[in-house]
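See structure below.
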Amino acid sequence: MVPRKVSVVVPVYNEEANLPRLLPRLLPVLAGLSRPYEVVFADDGSRDGSLEILKQAARDNPGHVKVVELVRNAGQHMAILAGFTATDGEYVLTLDADLQNPPEEIPKLVLAMDEGHDVVGTIRQDRRDTFFRRIASRLVNRTTAAITGMRLNDYGCMLRGYHRDVVDVMSASDEASTFIPALAQQYARRPIEIPVAHAERTAGESKYSLYKLVRLNFDLMTGFSVVPLQLFTLFGFVTALSGFGFGVFLLVRRLVGGAEAEGVFTLFALAFVVMGVLMAGIGIVGEYVGRIYQQVRGRPRFLIRKVWGA
Ligand code: UDP
Ligand code: MG
């Protein structure tokens, strides 16, 4: 049997400080697999010297390194999808450029895929992120699992492997915003999660601000389920019922005890709670409407200027 070709897709956004360290670690690992391989870097509109470094790497490693140059920043997940278009391996792996996922773990993923798993997820052992970041991830992992009903322990770790069949359906899915590990999970026939090591970012800073992180998590939660909308509806029913009950209670009290104007502040408090929930609900509805709008406009999700080293 001919060994299956491995393609590794690496999204890159302003990583000039990391690339010179990534390349000498990644390429030997792949060469050591003793099977055909390629690395596809997706330059996500970097403004630093990343693209130059990558183009040089493509020249130095003909046949093994390709660079997909995006016209402008499209975000990590879109960059990966853009990278997918230039791959032809039967196994497609994704890896971050910042060396937080050690490339030395790649053979483990390839092994799992050789065993017939079409989606290989990973769980970061001994995570090296800030305390705040870890708590946030935990919260997101739990809520997402509850909302989408998908059993995945660690959505955030981007060192993952996908069989070509899964990559093809993901590419054809045409979603205006998406979250690749969750998308793959939808199409997986035999998924597995394996533990991998995690390291601190070696250089540069995280490309996710708090705002971008929140937006990404909205993508994850609204992109894969309508449970937030249903919860909101449920809350509406419960509030309406309790309001009705409260009204009956007030009426009875009035009949028994006569007119009174006390408790008006309690009503205020209740009114504010309900108003807050209404506003949040409008926001949730807005999230879905906004996504539908993006989708119907049907603009391209990413624009590729050129593929180097092809
Ligand atoms: N990235 C990208 N486009 C973006 C943001 C990030 O291609 O708009 C890349 C980035 O270069 C890195 C990976 O996605 O290779 C993960 O980004 P980062 O390490 O900043 O995320 P974190 O590890 O903090 O979640
Ligand atoms: Mg990182």
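The values are calculated or read from the model by the stated rules, or taken from the named source; none is laboratory data. Predicted model only: the values in this text are computed from it and were never measured. Note that we place each Cβ from the backbone using ideal geometry, even for glycine, and neighbour counts take in every protein chain shown. Protein only, heavy atoms only, side chains kept; ligands, DNA and RNA dropped before computing areas. Shrake-Rupley method; radii C 1.70, N 1.55, O 1.52, S 1.80 Å.
Hey, can you tell me all the residues within segment 201-230 that are within 10 Å of ligand 1 (Cβ to nearest atom) and not in a helix (DSSP H, G or I)? Explain how you work it out, then say what you get.
Filtering segment 201-230 down to residues within 10 Å of ligand 1 (Cβ to nearest atom) leaves 201, 204-209, 212-213, 216.
Selection gives R201, G204, E205, S206, K207, Y208, S209.
Have a look at V120, V169 and point out the one that is open to solvent by 50 Å² or more (accessible area, probe 1.4 Å), more than 15 Å from ligand 1 (Cβ to nearest atom) and of a type in the set (A, V, I, L, M, F, W, C). Reasoning before the result, please.
Working: V120 fails: open to solvent by 50 Å² or more (accessible area, probe 1.4 Å).
Checking each option against the conditions leaves just V169.
Looking only at segment 125-164, count every residue that is open to solvent by 40 Å² or more (accessible area, probe 1.4 Å) and either of a type in the set (D, E, K, R) or over 30 Å from D88 (Cα atoms) (or both) and tell me the total. Steps first, answer last, please.
So in segment 125-164, the residues open to solvent by 40 Å² or more (accessible area, probe 1.4 Å) come out as 125-128, 130-135, 138-139, 142-143, 146, 149, 151, 153, 164.
Then drop every residue that is not either of a type in the set (D, E, K, R) or over 30 Å from D88 (Cα atoms) (or both), which leaves 125-128, 130-135, 138-139, 142-143, 146, 149, 151, 164.
Of the residues in segment 125-164, 18 are open to solvent by 40 Å² or more (accessible area, probe 1.4 Å) and either of a type in the set (D, E, K, R) or over 30 Å from D88 (Cα atoms) (or both).
I need the full set of residues from segment 17-55 which are open to solvent by 20 Å² or more (accessible area, probe 1.4 Å), in contact (Cβ under 8 Å) with a residue 40 or more places away in the chain and within 12 Å of ligand 1 (Cβ to nearest atom), in order please.
Across segment 17-55, the qualifying residue is only A17.
Checking the condition touching a residue at least 12 places away in the same chain (Cβ under 8 Å) and either away from ligand 1 (no atom under 14 Å from the Cβ) or among the aliphatic types (A, V, I, L, M) (or both), which residue from D154, D88 passes?
Working: D154 fails: either away from ligand 1 (no atom under 14 Å from the Cβ) or among the aliphatic types (A, V, I, L, M) (or both).
Within the list D154, D88, the selection yields D88.
Looking at segment 108-124, which of its residues are among the small types (G, A, S) and either assigned to a loop (DSSP other than H, G, I, E, B) or farther than 18 Å from T94 by Cβ (or both)? Even if it seems obvious, please write down each step before you answer.
Residues of segment 108-124 that are among the small types (G, A, S), as a first pass: 112, 116, 121.
Result: G116, single match.
For segment 61-73, does any single residue satisfy the condition of being more than 16 Å from ligand 1 (Cβ to nearest atom), touching a residue at least 24 places away in the same chain (Cβ under 8 Å) and of a type in the set (S, T, N, Q)?
Within segment 61-73 (the criterion being more than 16 Å from ligand 1 (Cβ to nearest atom), touching a residue at least 24 places away in the same chain (Cβ under 8 Å) and of a type in the set (S, T, N, Q)), the answer is yes, since at least one residue qualifies.
Within segment 19-39, is there a residue that is among the polar types (S, T, N, Q) and more than 16 Å from ligand 2 (Cβ to nearest atom)?
There is at least one residue in segment 19-39 that is among the polar types (S, T, N, Q) and more than 16 Å from ligand 2 (Cβ to nearest atom).
Tell me which residues, restricted to segment 196-240, are of a type outside the set (D, E, K, R), open to solvent by 80 Å² or more (accessible area, probe 1.4 Å) and over 18 Å from the mean Cα position of the chain (by Cα). Working first, answer last.
Restricting attention to segment 196-240, the residues satisfying the condition of being of a type outside the set (D, E, K, R) are 196-199, 202-204, 206, 208-211, 213-214, 216-218, 220-240.
Adding the requirement that they be open to solvent by 80 Å² or more (accessible area, probe 1.4 Å) leaves 210-211, 218, 230-231, 234-235, 237-238.
Within segment 196-240, Q230, L231, L234, F235, F237, V238 qualify.
Among the numbered conditions (1) more than 22 Å from the chain's Cα centre (by Cα); (2) open to solvent by less than 10 Å² (accessible area, probe 1.4 Å); (3) away from ligand 2 (no atom under 16 Å from the Cβ), tell me where H64 comes up short.
In the conditions (1) more than 22 Å from the chain's Cα centre (by Cα); (2) open to solvent by less than 10 Å² (accessible area, probe 1.4 Å); (3) away from ligand 2 (no atom under 16 Å from the Cβ), H64 misses (2) alone.
Can you pull out every residue in segment 78-98 that is open to solvent by 10 Å² or more (accessible area, probe 1.4 Å) and within 12 Å of the chain's Cα centre (by Cα)?
Answer for segment 78-98, where residues must be open to solvent by 10 Å² or more (accessible area, probe 1.4 Å) and within 12 Å of the chain's Cα centre (by Cα): just M78.
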